[in-house]
Amino acid sequence: MIIRGILDRSLSSQLCIRGFAPIKELARISKADYSYQRNPIYEQQEVISTFLDNEDYLFFPEVILNYKVKIDYSKLKTTNRFSPLQELEAKGFFKSNVDNTSIKTKKVTYKNSSDLRGVENIIVVELNLDDTILNDLIKKNQEPFSRVDGNHRLKAGEVAKSEKVNRMTIPFCIILSEELIYEEFKDGSTNKTHEYLGEKFERVVFHNINTKTIPLTSEENLRVILDDEKNFTDEYLKEKFGWEYYAIRKVFKKLPKDLVNVYPNLGKDFLEKPRSVSKDIVKLLVDNKKVNRSERSISLVNEALKNVNQVFGNHPRLKKTKGIAFVVAATYLHISKENDIELFIKWLFKNHIDEIEGLTSKSLIKIYQKIREAKSKQVFVSMQFDEETKPHYNAIVKAVNEVNNEYNLEIKLREIRIDHFNIGHSYKIDDEILRLIEESGLLIADLSSKNINVYQELGYLMGLNQGKGLKQENFILIKKQDKKSKDSDIGFNIRPFQQLRFKSDLELVNMLKKSIIEYYELI
């Protein structure tokens with residue numbers, strides 16, 4: 001294999017080869033050293049691979065590789081102690097006596113025509129690797145080139161399948177370092193020692209590349225594309241970047257110019273990063289299939305931001321939060337109608353989540369919904385607790401336990417009785433009952449005793465449902481059926497709803513099991 005380029009010294013006088021080569025070949029002959037580099041992010045590889053396959057305006061900076069030029073001084077017949085690179089620069093040629101790699105240079109002179117460097121020549125270099133040795137190293141997973149920068153680009157080049165990528169050439173910079181091999185006599189025996197002079201330099205270069213620059217923020221990157229409607233029309237965004245980028249532009253454009261006064265409650269970071277907020281909301285909704293790709297979906301985002309701003313206005317503490325995760329999460333929850341925003345905010349405050357910096361909206365929603373899932377599988381039991389109804393309660397417990405055991409639920413259904421609930425501090429029992437009803441996913445109301453509290457608790461839940469625009473289906477009504485039972489025993493506003501009328505406790509268990517299984521969609 002022959003690699004050609006320009007030879008010169010860069011910055012700290014490090015000798016480098018710069019040129020162009022097929023991305024597939026550079027990927028084939030190189031590997032990353034994960035002792036100091038991060039493990040590959042496979043999602044990023046897929047993104048770059050798709051980018052390579054589909055993008056019209058393809059460009060990215062050179063990948064940086066390191067190559068060790070080797071010499072074994074014990075094989076030399078002369079006492080010459082020139083290093084490989086010293087010999088290359090002095091003679092214009094070097095051949096390794098370790099792996100047959102040869103490097104030769106040719107000076108190309110432009111008489112009376114100095115370039116920006118103030119010299120009249122360039123040095124063309126040819127790096128020639130023995131194909132047999134090279135292929136053997138690759139088979140052993142000992143690729144001779146080390147990837148200093150550009151590992152994800154080369155990984156993406158490996159997995160991309162299109163003919164376009166197969167023909168693609170990319171810029172490279174090969175840092176030339178040296179591995180010197182000596183014979184060492186010690187304790188009557190001879191051993192060979194390897195001195196690698198470039199290891200420290202390779203790691204320092206990697207560190208500097210990844211720490212000495214300040215990358216553009218998401219907002220700055222988005223502004224480049226979204227605000228330039230001349231070069232990036234709506235149709236172009238849809239075709240090349242996806243509908244999501246088109247939607248982000250539309251959401252951003254529909255935001256009022258005077259954000260500070262129109263959206264005063266969404267915090268400093270929202271005001272500084274409105275494009276990023278739009279992007280995160282759209283991405284969450286699309287990824288989780290909560291909206292379709294339509295103009296109406298775009299309008300939903302803008303409408304939701306107005307509502308979230310109003311809700312946040314009731315909680316000044318939220319203005320002090322850092323980052324955009326809380327605004328994005330609340331907007332997502334409002335549009336998806338998965339959870340009530342006020343409950344979400346109560347959870348934030350109760351657990352001091354709003355004081356945590358660096359949260360992402362995705363992780364915030366995931367944590368909250370896991371907790372809400374646990375809450376939603378709490379069964380609130382509303383009944384008159386006395387000796388007469390005790391068998392009814394035991395039947396509810398038995399039904400819930402049997403559902404748990406039969407379906408091996410990850411988050412167990414558990415019945416809550418307010419008189420069994422230990423809050424750990426003084427509280428108004430009415431407030432605690434209402435909170436538990438609101439947090440529970442299912443209410444079982446026993447109408448057998450005509451207890452007024454049962455009707456109040458059921459009425460509270462029905463009012464919550466109506467206020468949220470939800471169907472009246474998150475409760476199960478039960479009533480003991482005997483000779484004295486009359487329809488007039490049931491409140492007139494409850495009569496239209498199905499009731500489980502039972503004559504025995506066993507019948508109640510079976511009826512409840514069936515209803516619970518249907519409600520939680522376990523079949």
Review point. What pairs in Lys238/Lys290; Lys75/Lys104; Lys31/Lys75 have C-alpha atoms more than 23 Å from each other?
Key: Lys31/Lys75
Review point. Using the count of nearby Cβ atoms within 10 Å as a rough guide to exposure, how do Arg275, Arg147 rank from fewest to most?
Key: Arg275, Arg147
Study note, to complete from the structure: To the nearest 10 degrees, the tilt of helix 42-54 (Cα long axis) against the first principal axis of the alpha carbons of the chain is 70
Revision key, fill the gap. From fewest to most C-beta neighbours within 10 Å, the residues Ser96, Ser504, Ser440 line up as Ser504, Ser96, Ser440
Check your understanding: Of the cross-linked pairs Lys253/Lys289; Lys240/Lys322; Lys283/Lys319; Lys268/Lys306; Lys306/Lys337; Lys230/Lys337, which ones have a Cα-Cα span greater than 26 Å in the structure shown?
Key -> Lys240/Lys322; Lys230/Lys337
Point to revise | Normalised contact order of the chain, rounded percent, pairs of Cα under 8 Å and 6 or more residues apart | key: 11
Practice item. Once you have the Cα-Cα distance between Glu473 and Asp53, take 0.36 nm times their residue separation minus that, and quote the gain in nm to one decimal. Key: 146.2 nm
Review point. Among residues other than Asp72 whose Cβ falls under 13 Å from its Cβ, what is the net charge (Lys/Arg +1, Asp/Glu -1)?
Key: +1
Review point. So how much slack lies between Leu434 and Glu295, counting 0.36 nm per residue of separation and subtracting their Cα-Cα distance, in nm?
Key: 46.1 nm
Review point. What net charge do the residues around Val327 carry, taking every other residue with its C-beta under 15 Å from that of Val327, with Lys and Arg at +1 and Asp and Glu at -1?
Key: +4
Check your understanding: So if we plug the beta-carbon distance of Asn128 and Leu271 into 1/(1 + (r/R0)^6) with R0 = 51 Å, what FRET efficiency do we get, rounded to 0.05?
Key -> 0.30
Check your understanding: aspartates and glutamates within cross-link reach of Lys346: Cα-Cα under 20 Å, excluding same-chain residues under 8 positions apart?
Key -> Glu338, Asp354, Glu355, Glu357, Glu373, Asp430, Asp431, Glu432, Glu438, Glu439
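If each DSSP helix of 4+ residues adds -39,500 (n - 2.57) and the sum is divided by the residues in the chain, what number results at 222 nm, nearest 500 deg cm²/dmol? Display every interim value, and only then the final one.
On the way: 20 runs with 224 residues, N = 523.
My calculation for the chain gives -13000 deg cm²/dmol from helical runs alone.
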Review point. If amide H atoms are built 1.01 Å from N in the plane of the peptide, which residues on other chains or at least 5 residues away come under 5 Å of the amide H of Leu409?
Key: none
Check your understanding: Could you give me the ³J(HN,Hα) list for region 440-457, computed from phi with Karplus coefficients 6.51, -1.76, 1.60 and θ = phi - 60°, whole Hz, x at Gly and Pro?
Key -> 7, x, 8, 10, 10, 10, 8, 8, 5, 9, 6, 6, 5, 5, 4, 5, 5, 5
Check your understanding: lysines near Lys111 by alpha-carbon distance under 30 Å, same-chain residues fewer than 8 away left out - which ones?
Key -> Lys91
Practice item. Could you state the angle between the C-alpha long axis of helix 429-439 and the longest principal axis of the C-alpha atoms of the chain, as a value from 0 to 90 degrees rounded to the nearest 10? Key: 50
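Exposure proxy check: His315, His392 ranked by fewest other beta carbons within 10 Å?
Ordered from fewest to most neighbouring Cβ atoms within 10 Å, His315, His392 come out as His315, His392.
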Review point. Can you run phi through the Karplus equation (6.51, -1.76, 1.60; θ = phi - 60°) for region 252-263 and list ³J(HN,Hα) in whole Hz, with x for Gly and Pro?
Key: 5, 5, 7, 5, x, 5, 8, 4, 4, 8, 7, 10
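Please say if region 2-211 is rounded, prolate or oblate, where rounded means a/c under 1.5 for a ≥ b ≥ c the square roots of the C-alpha gyration tensor eigenvalues, and otherwise the choice is prolate for a/b larger than b/c and oblate otherwise?
Oblate, since a/c reaches 1.5 and b/c is not below a/b.
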**Study point:** At 1.306 mPa s and 10 °C, Stokes D of region 218-365 from Kirkwood alpha-carbon radius, µm² per second
**Key:** 102
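Taken together, the values in this text are just the output of simple stated rules run on the coordinates, not laboratory data. Since this is a predicted model, take the numbers as computed values, not measurements. Neighbour counts are summed over all protein chains in view; Cβ atoms, including those assigned to glycine, are modelled from backbone coordinates with ideal geometry.
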